[in-house]
Amino acid sequence: MRENEIVENSIQAEFKSAPIEKVIQLRDEQKNYFRKGETKSLDFRVKTLKRIKLYILENQNKISEALWKDLKKSYEEAYMTELSLVMAELDLHIKKLKTWARDEKRPTPLFLFPSRSKVILEPLGVSLIIAPWNYPFLLVMAPLIGSISAGNCSVIKPSPDAKFTALFVDQMIRDLFDEHYVSCILGGKELNEFILTLQWDHIFFTGSTRVGKIVMQSASKYLTPITLELGGKSPCVINKGANIEIAARRIAWGKTINAGQTCIAPDYILIHQSLKEEFVKHFKSCIQSMYGGSVGSSHFYPRIINKSSFDRLVSYLTDGRVIYGGQYSESDLFISPTLMDQIQVDARIMQDEIFGPLLPILSFEENEEALNEINKHDKPLAFYYFGPESGSVDFLNCISSGSACINETVLHFANSRLPFGGVSGSGFGKYHGKESFLAFSNKKSVLTTPVWIDLPFRYPPFKYFKWIKKLL
């Protein structure tokens, strides 16, 4: 233990905020390098992605160790929810990039004869990527892959709250790239505030809605295009006809990975009154099956990221009646999976995004009651429905959300071929797979007109105007 403490203290001492002058220098050097055009080569991009893949394969243990130190994620969970998803994203971009990057021919109307039309995809320039702490490797690497794939230079800013993973990412970037191409800057809130005063060609931010509004306001100064991946209160409806045992298991899993610190975790349950008692019984059984009789002793159950988040979550326990769980340990930053009912709809736990292992459970008799409750909140990042597929149609039609799952939770994120992102208050802009490539690209329209003929129709004095009218 003493040896581990020495190692951790040594690593912590290395976490120093980047000087402001250095950030400006990096941004300017990357702008100059981007103008040279080297990052636009498709072979250059593919080779870069392959180098990243090899580096990750060679350093899996170091990555999982960092995630354990930051969040107490087991290797198994770290691999399933971070490493494997990054590798899948890399594989898809390596395989498909040259196809995605092809010029796209578009039809040209007859009155523009003999012109030809096409759309070409060009990189935006220098991207700023601000990553969160909850999936500190995945959520910095996934957008970076998109930025590189599209041909950009990139400055990444990991979260200081997950300092061990941030330090690994910093070392990884130093090992792989010249800083005038891709660089990593470390720092806290003050550095975030400063970098947002600078002009970038694209900003990709993952985090809270509150900070997302600040990012958007800062970007508006330069009309900088942005992608905001936020969160919100993702509801989970359990309706008549649902397989309650499977629903309980999948919801318990989706809520407890990363101890509920997941932007698409089920935030609260709306369950048909007739199913509530059975669901609670199965939920308890599922937690015990996954984590044993003492959740706090399980190697597979992560911890809350810091004292501030811990205190916030514990304060919610007074917003209703705990019907399962409710145990916590400040010294270990542990909070058990917890079901709560008898919650007033205006309670804090029903207004804030929970971002932890607490799960309010509300009952309804008619579908309209559930729909009204969900639509009181901002549009969520995800919506979950358990029940016969036919019964989901009204909910999908009446609830706007960034994504949705029928009889499942969270796993839509794992499909790189599905666009991921929010809507309205839960963010905007999509990424994953081809959408990541497009998020960091500009669609440029190009019209090419030959000079072997120059038709006189368009020129004054419009002698052939009656023919022009027929063509237009």
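A dipole drawn for the chain from +1 and -1 charges on Cβ atoms has a positive end, and of 197, 286, 100 the residue lying farthest that way is 100. As a length-normalised measure over Cα pairs under 8 Å and 6 or more apart, the relative contact order of segment 313-418 settles at 18 percent. Which pairs in the list 73/276; 69/281; 255/307; 255/276 are over 27 Å apart, alpha-carbon to alpha-carbon? From the list (73/276; 69/281; 255/307; 255/276), the Cα-Cα distance tops 27 Å for 73/276; 69/281.
Where both bridge residues fall in segment 235-414, DSSP classifies roughly 20% of the beta bridges as antiparallel. Legend: translational diffusion of segment 314-417 by Stokes-Einstein, Rh = Kirkwood radius over C-alpha pairs, 10 °C, 1.306 mPa s; D = 102 µm²/s.
Arranged from fewest to most other beta-carbon atoms within 10 Å of their beta carbon, 338, 108 become 108, 338.
For segment 276-290, the Karplus equation 6.51 cos²θ - 1.76 cosθ + 1.60, evaluated at θ = phi - 60°, returns couplings of 4, 4, 5, 4, 4, 4, 5, 4, 4, 5, 5, 4, 5, 5, 7 Hz by residue, with Gly and Pro reported as x. If R0 is 51 Å, the Cβ-Cβ spacing of residue 466 and residue 281 corresponds to a FRET efficiency of close to 0.05. For segment 380-388, the Karplus equation 6.51 cos²θ - 1.76 cosθ + 1.60, evaluated at θ = phi - 60°, returns couplings of x, 5, 9, 10, 10, 10, 10, x, x Hz by residue, with Gly and Pro reported as x. Exposure proxy shown here: for 221, 281, 470, 255, the number of other Cβ atoms within 10 Å sets the order, fewest to most, as 470, 221, 281, 255.
Relative contact order, whole percent, for segment 82-212 stands at 25, derived from Cα pairs under 8 Å and 6 or more residues apart.
Suppose the Debye formula is applied to equal point scatterers at every Cα of the chain; what is log10 I(q)/I(0) at q = 0.10, 0.11 Å⁻¹? Taking Cα atoms of the chain as identical point scatterers yields -0.79, -0.93.
For the chain, the relative contact order is 18 percent, taking Cα pairs closer than 8 Å that sit 6 or more residues apart in sequence and dividing their mean separation by the residue count. FRET efficiency for the pair residue 389 and residue 175, taken as 1/(1 + (r/R0)^6) with r the Cβ-Cβ distance and R0 = 45 Å, rounds to 0.40. Residues within the reach of a label modelled at residue 240 (point 7 angstrom out along Cα to beta-carbon, backbone nitrogen below 13 Å), restricted to segment 256-279, are 272-275.
Taking amide H atoms as placed 1.01 Å from N in the peptide plane, the amide H of residue 159 lies under 5 Å from those of 131, each 5 or more residues away in sequence or on another chain. Bridging of residue 213 to lysines at a Cα separation below 24 Å is possible for 157, 189, 221, 233, 376, 379, 430, once same-chain residues fewer than 8 apart are set aside.
Residue exposure proxy: 295, 393, ordered by other Cβ atoms within 10 angstrom of their Cβ from fewest to most, comes out as 393, 295. Which values of log₁₀ I(q)/I(0), to two decimal places, follow from the Debye formula for segment 129-226 at q = 0.18, 0.24 Å⁻¹ with a uniform point scatterer at every Cα? For segment 129-226 at q = 0.18, 0.24 Å⁻¹, log10 I(q)/I(0) is -0.82, -1.46. Between residue 403 and 382, 383, the built amide H atoms are under 5 Å apart, and every one of these is 5 or more places off in sequence or on another chain.
With a Förster radius of 51 Å applied to the beta-carbon distance between residue 221 and residue 102, the computed FRET efficiency rounds to 0.90. Residues whose amide H comes within less than 5 Å of that of residue 127, counting only those at least five positions distant or on another chain, are 153, 154, 155 (H built at 1.01 Å from N in the peptide plane).
Taking label points 7 Å from Cα along the Cα-to-Cβ direction, residue 351 and residue 396 give a separation of 3.5 nm.
Whole-Hz Karplus values for segment 434-441 come out as 4, 4, 5, 4, 6, 4, 9, 10 Hz, taken residue by residue from phi with 6.51 cos²θ - 1.76 cosθ + 1.60 and θ = phi - 60°; glycine and proline positions read x. For a paramagnetic label modelled at 7 Å from the Cα of residue 35 toward its Cβ, which residues of segment 171-213 fall within the zone defined by backbone nitrogen distances under 16 Å? Those under the cut-off are 180-181, 199-201.
Just so you know, all these numbers are worked out from the coordinates, no wet-lab data involved. Note that the coordinates shown come from a computational prediction; the quantities given were computed from them, not determined experimentally. Cβ atoms come from the backbone with ideal geometry, glycine included; neighbour counts cover every protein chain shown.
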